[in-house]
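The values are calculated or read from the model by the stated rules, or taken from the named source; none is laboratory data. Since this is a predicted model, take the numbers as computed values, not measurements. No Cβ is skipped: glycine too gets one built from the backbone with ideal geometry, and neighbour counts run over all protein chains shown. Protein only, heavy atoms only, side chains kept; ligands, DNA and RNA dropped before computing areas. Shrake-Rupley method; radii C 1.70, N 1.55, O 1.52, S 1.80 Å.
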Amino acid sequence: MPSPVRSRFTLLLVTVLAVLLTFGLAALVEPPAAQAQKKILNIAAKEPDSLDPHSSILGQTQAIVRFTYRGLTRFAIKDGKVTTAEVQPDLAESWTLSPDGTVWTFKLRKGVQFHKGFGEMTAEDVKFSFERQIKRTPGTRFGVNLEVIKSIEVVDPHTVQIVLKSFDAIFLLRMVGYQQGYIVSKKAVEKYGEQYKWNPVGTGPFYFERHSPREKIVLKAFDKYYGGKPQIDEINWFDVPEDATKLIGLEKGTFDLLYPEAVTADFASQVEKMGAVIDRRGPGQQERFYINMTKAPFDDIRVRRAFMHAIDRKAIKETMYPGGLGKLAISCVPPGYFGHIPMTFPEYDPEKAKKLLAEAGHPNGFTIKNYFISKSFFYPKVLTLAQEQLKKVGIIVELQVVEHATFHENIRKNLDPFVLYGGTRITDADPWLSLFFDSKEIPDPATGNKGTNFAHYRAIDDLLAAGRLERDVKKRAAIYAEAQKRIERDLVCLPITDVAGQWARNPKRVSTPFDPDYGEFSLHYSYNYPEMLKVLN
């Protein structure tokens, strides 16, 4: 009888060969001459769940929509690097702000074209793109980042005026081409309705050609892109869930770029051995636990403290990201975000955890049944490590490993009493804390609220409101420092690791103008300017 290890290896080998054979045969559809003339970029990643930029928080969706959409502003290129702290004009060529800080007037770049013949971008499209989110159109996710907007007026086809409810220190960052900032075609959304998610129309350097479910998405260079047609003619975004398969494809030349599930020491070592590089982009994502303080037994702060004492954060970090692959998180607001301060968390101490559980009425611990966790990215590995640590103090977690989309659905139904979560956001404490700790973002299946305040926390609403009004930089920083102190006091969030955004790249096939080691600061998408990527040879 074959061993389980040998069976798994055989299954993986068969899967790899099938993937490579499929992709190899697909490349033969066109004559060799046509292939030689085209510059094609092959990316191995997971399949996105939507190409509507306002509707998904999945990393692979955030990454691919950057190829097809743009915003009024963009992250600045400064001194040969990309920074997330400053902005430059993009779809807007200029803007002015009223003396009281509440009225922004944007002059749009003239002649910007939407893909697929949907015409010139106008102020109507800008107004529509923001209002569909502010009105919480079903499926949209980022309206909370635009709640500061009071009204939007179309002054003329190339001028839009946005009136705020009050001064907002980071409004230009909100207008960046990222999540809520992307501009969509009003005509296209109205034409396709619910099918817009697979019929995207933006103004970016690449347009959507076709989607073959569970195989690939094809993007092509947009010859009317305002910045000029990209050097790359076509992009194949292959659905390759397993990192092992991605690595074999990178080594054989089937893939040029890899979006990995997680960059482990083994992954990084294999990339280095084959002569490829890892593009590391700050500030990266933070992996952390949120504890639902309204759900028994975690409504008792002693149980929350016991949970934190039971988690060996350093061991998890070193197991997942040894050495420089990651950094032990020191705050619930990551370094690199405005307003960040170091926080203090309960140290790893299993005996103290057991004592606290006993004091809280759980001398023998307790069991959490049907705990849902994603099968993707870092989730199963980190949770399995935490599961073993919690078991030592008597907290038994019975795991149900599910698809990533199902995981996101379930945690918004409040089915997990604590939630492992990862992500990145606009690099300022306001949008970060608003998304994860504002009471308006408490998920509620009864109302359809799919927010991300998994701790069900309500103790910093007043500070979030004050921070949005404050125009003095030092006072604003002090407000967010107090917010972090309250979160520290109430024990509702335990950050584990800060991890850079990392993609593997074949430097003999693809070049980027920025240094691979933090030459770009970006958010989910890693490459701020995919039109600057070049296929070599």
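For Lys508 and Glu403, the FRET efficiency from 1/(1 + (r/R0)^6), where r spans their Cβ atoms and R0 equals 56 Å, is about 0.95. Cross-link partners of Lys508 among aspartates and glutamates, defined as those whose alpha carbon lies under 19 angstrom from its own and excluding same-chain residues fewer than eight positions apart: Asp233, Glu234, Glu251, Asp256, Glu272, Asp279, Asp517, Glu531. Peptides 146-152, 415-421 ranked from most to least packed, by the mean per-residue count of other Cβ atoms within 10 Å: 415-421, 146-152. Applying the Karplus relation 6.51 cos²θ - 1.76 cosθ + 1.60 with θ = phi - 60° to segment 143-153 yields 3J(HN,Hα) values of x, 4, 6, 10, 5, 5, 7, 8, 7, 10, 10 Hz, where x marks Gly and Pro. Sorting the segments 170-183, 356-369, 240-253 by their mean number of nearby beta carbons within 10 angstrom, highest to lowest, gives 170-183, 240-253, 356-369.
Under the rule a/c < 1.5 gives rounded, and otherwise a/b versus b/c splits prolate from oblate, where does the chain land using the Cα gyration tensor? In terms of gyration-tensor shape, oblate. Multiplying the residue separation of Ala315 and Ala265 by 0.36 nm and removing their Cα-Cα distance gives an extension gain of 16.6 nm.
Express as a percent, rounded to the nearest 5, the fraction of DSSP beta bridges in the chain (both residues included) that run antiparallel. In the chain, approximately 75 percent of DSSP beta bridges are antiparallel ones. Amide H to amide H, with H built 1.01 Å from N, Val176 comes under 5 Å of Thr73, counting only residues 5 or more places away or on other chains.
Close amide H pairs (under 5 Å, H built 1.01 Å from N) link Glu86 with Ala76, residues at least 5 positions away or on another chain. A simple rule links phi to the HN-Hα coupling: the Karplus curve 6.51 cos²θ - 1.76 cosθ + 1.60 with θ = phi - 60°, which for segment 426-432 gives 3, 7, 8, 4, 4, x, 5 Hz, with x for Gly and Pro. Take each peptide in 388-396, 37-45, count the other Cβ atoms within 10 Å of every residue, and average; sorted highest first, the result is 37-45, 388-396. Between the amide H of Lys216 and those of Asp239, distances stay under 5 Å, these residues lying 5 or more places away or on another chain, with hydrogens modeled in the peptide plane.
When the residues Glu194, Glu93, Glu441 are ordered by accessible surface, computed with a 1.4 Å probe over the protein chains alone, the sequence from largest down reads Glu194, Glu93, Glu441. The string of couplings for segment 239-246 from the Karplus curve (6.51, -1.76, 1.60, θ = phi - 60°) is 7, 10, x, 8, 5, 4, 5, 4 Hz, one whole number per residue in order, with x for Gly and Pro. Between Leu328 and Phe167, the distance separating the two model label sites (each 7 Å from Cα on the Cα→Cβ line) works out to 4.0 nm. Where only DSSP H runs of four or more residues are counted, the chain gives -9000 deg cm²/dmol as its mean residue ellipticity at 222 nm, each run worth -39500 (n - 2.57). Computed in the context of the full set of protein chains, the accessible area of segment 47-183 at 1.4 Å probe radius has 51% of its extent on carbon or sulfur.
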